[in-house]
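J.: Input: one structure, supplied below.
The values are calculated or read from the model by the stated rules, or taken from the named source; none is laboratory data. Note that the structure is a prediction, hence the values are computed from the model and not measured. For neighbour counting, all protein chains shown are included, and Cβ atoms are generated from backbone atoms with ideal geometry for every residue, glycine included. Side chains are part of the model used for accessible areas, which takes the heavy atoms of the whole protein and leaves out ligands, DNA and RNA. Shrake-Rupley method; radii C 1.70, N 1.55, O 1.52, S 1.80 Å.
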Amino acid sequence: MPREAAQPHPIAEPARAGFAAGWAASGGPMTERVRAACSAAVQTAIEHADDARILEVTVDLGRLEGMWARLFARREKQQADHMRAVAAAWRPLIDREAVAGAVDAVRLHAGLAEARRPLGELAAQALAAARALLRALADLPGWTALRTAVRTAIAAGRAEGMVNAVAIAAERLGARGVRLEWDIAFQHAYRSLERLDELWAETDTWLARMLDGAAGDLGRALAAAAEDGAPREEMIDAALDVLASDDVAAMAFTVDWAMTTAADDGALTLYQSEGVQRVDVITAGDGRVCETCIGYEAGSPWSSLDVPRLPTHPVCRCCYAADVSLSHFASWFTPT
Ligand SMILES: [Zn+2]
């Protein structure tokens, strides 16, 4: 006997349309997460079909999900753009001759020590050669361009964090009749950071981490190649693979981490200047959330004085959220 197709609940279609309208108003992209949230919202609407406000709630949910999708999409694009800019400034600093010098230093040591070499000594020697090579980058004329690219990335992260904080606040307030102009807000926030000297200090801290990471990667690659008795040219190529490939791991890792930290700093600084008392931690729910972030979310709200620092792990996309009056940000909004 053929199974009768289940009739959809009469509220299912209006709920789906309501969620879609809310999502469209947010200007956010369509993502897997938005789709899943839509199904969940329709299910909730069916369960609460007798609630007179349920469709209104569904529209709000659509707008909220769209806002988050937009926020994450913007951050991802910014990180990719700045990663490219930093890479473009980094690559010209890597000189084949200089790399060959580091390779020769490691080969000389490996050859001299032969079999009586204590375990780990070659690794230490390779790390020292890698560090010396990378330390010398700061004396090259191109170093300033790299430093500027990293500072620009951090400033962009900060500005975006400020915009995100206001976007989240507008959703929490259920602001009606106005729309956040993300790009205008970003330009405004970015300009406010132009003269912030502390960004240079942060830049140098992140650059030092980037060099440390690259030296570790290079040291390991050189030690492994020397251990294998690789010929000189092969060792040089292996070193260039680490330092000058399309995506230098230490660089990508550092730019991501620095920009996420900057975004979280930007949000917290904005809360401080707006006198915010309570701050929530919201996990990104993207499958990369760690126990620490889950704990911070569960412990929310935090007093703004002792809110734990984000990010807590690499590629952490968890966010702060707080109620902020929009009165100081009127120029970031347009009427709808
Ligand atoms: Zn996290």
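J.: Quick check: anything in region 265-284 more than 16 Å from the ligand (Cβ to nearest atom), in a helix (DSSP H, G or I), in contact (Cβ under 8 Å) with a residue 40 or more places away in the chain and polar (S, T, N, Q)?
T.: Within region 265-284, one or more residues are more than 16 Å from the ligand (Cβ to nearest atom), in a helix (DSSP H, G or I), in contact (Cβ under 8 Å) with a residue 40 or more places away in the chain and polar (S, T, N, Q).
J.: From the list M235, M259, which one is within 16 Å of the ligand (Cβ to nearest atom), assigned to a helix (DSSP H, G or I) and either over 15 Å from the mean Cα position of the chain (by Cα) or under 26 Å from A208 (Cα atoms) (or both)?
T.: Working: M235 fails: within 16 Å of the ligand (Cβ to nearest atom).
Going through M235, M259 in turn, just one is within 16 Å of the ligand (Cβ to nearest atom), assigned to a helix (DSSP H, G or I) and either over 15 Å from the mean Cα position of the chain (by Cα) or under 26 Å from A208 (Cα atoms) (or both): M259.
J.: Can you say whether A45 is open to solvent by less than 50 Å² (accessible area, probe 1.4 Å) and in contact with a Pro (Cβ under 6 Å, 6 or more places away or on another chain), as far as the supplied structure shows? Give the steps one after another, and end with the answer.
T.: Details: open to solvent by less than 50 Å² (accessible area, probe 1.4 Å): yes; in contact with a Pro (Cβ under 6 Å, 6 or more places away or on another chain): no.
No: the conditions fail for A45.
J.: Another question, then. Please determine whether any residue of region 241-252 is away from the ligand (no atom under 12 Å from the Cβ), crowded, with 19+ Cβ neighbours inside 10 Å and part of a loop (DSSP other than H, G, I, E, B).
T.: Pass one, region 241-252, residues away from the ligand (no atom under 12 Å from the Cβ): 241-252.
Still in the list and also crowded, with 19+ Cβ neighbours inside 10 Å: 242-243, 248, 250-251.
Pick out the ones that are also part of a loop (DSSP other than H, G, I, E, B) and you get 248.
There is at least one residue in region 241-252 that is away from the ligand (no atom under 12 Å from the Cβ), crowded, with 19+ Cβ neighbours inside 10 Å and part of a loop (DSSP other than H, G, I, E, B).
J.: Select from region 202-240 the residues that are open to solvent by less than 30 Å² (accessible area, probe 1.4 Å) and β-branched (V, I, T) and list them in ascending order.
T.: Selection gives T203, I236.
J.: Also, I was wondering about something else. Run R74 past the list (1) at pLDDT 95 or above; (2) not in a helix (DSSP H, G or I) and report the number of the one that doesn't hold.
T.: (2)
J.: Within the group E274, E291, which residue is acidic (D, E), under 29 Å from M83 (Cβ atoms) and not assigned by TED's automatic domain parsing to the domain that holds L64? Break it down into steps so the answer makes sense when it comes.
T.: Details: E274 fails: under 29 Å from M83 (Cβ atoms).
Just a single option satisfies the conditions, and that option is E291.
J.: For region 291-336: of the residues being among the aromatic types (F, W, Y) and not in a strand (DSSP E or B), which is nearest to A169 (Cα to Cα)? Break it down into steps so the answer makes sense when it comes.
T.: Pass one, region 291-336, residues among the aromatic types (F, W, Y): 296, 302, 320, 329, 332-333.
Among the residues that remain, those that are also not in a strand (DSSP E or B) are: 296, 329, 332.
Numbers: Y296: 19, F329: 11, W332: 13 Å.
Filtering region 291-336 for residues that are among the aromatic types (F, W, Y) and not in a strand (DSSP E or B), the one nearest to A169 (Cα to Cα) comes out as F329.
J.: Taking A321 as the residue in question, decide whether it is open to solvent by less than 70 Å² (accessible area, probe 1.4 Å), more than 11 Å from the ligand (Cβ to nearest atom) and among the aliphatic types (A, V, I, L, M). Spell out how you get there, then give the answer.
T.: Numbers: open to solvent by less than 70 Å² (accessible area, probe 1.4 Å): yes; more than 11 Å from the ligand (Cβ to nearest atom): yes; among the aliphatic types (A, V, I, L, M): yes.
When the stated conditions are applied, A321 passes them.
Yes/no matrix, rows are residues, columns are (1) outside the structural domain of G174 (by TED's automatic domain parsing); (2) out of contact with any Asp or Glu (no Cβ under 9 Å at 6 or more places or on another chain):
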site	(1), (2)
R63	yes, no
M67	yes, no
A80	yes, yes
L122	no, no
A128	no, yes
R131	no, no
R135	no, yes
W143	no, yes
T152	no, yes
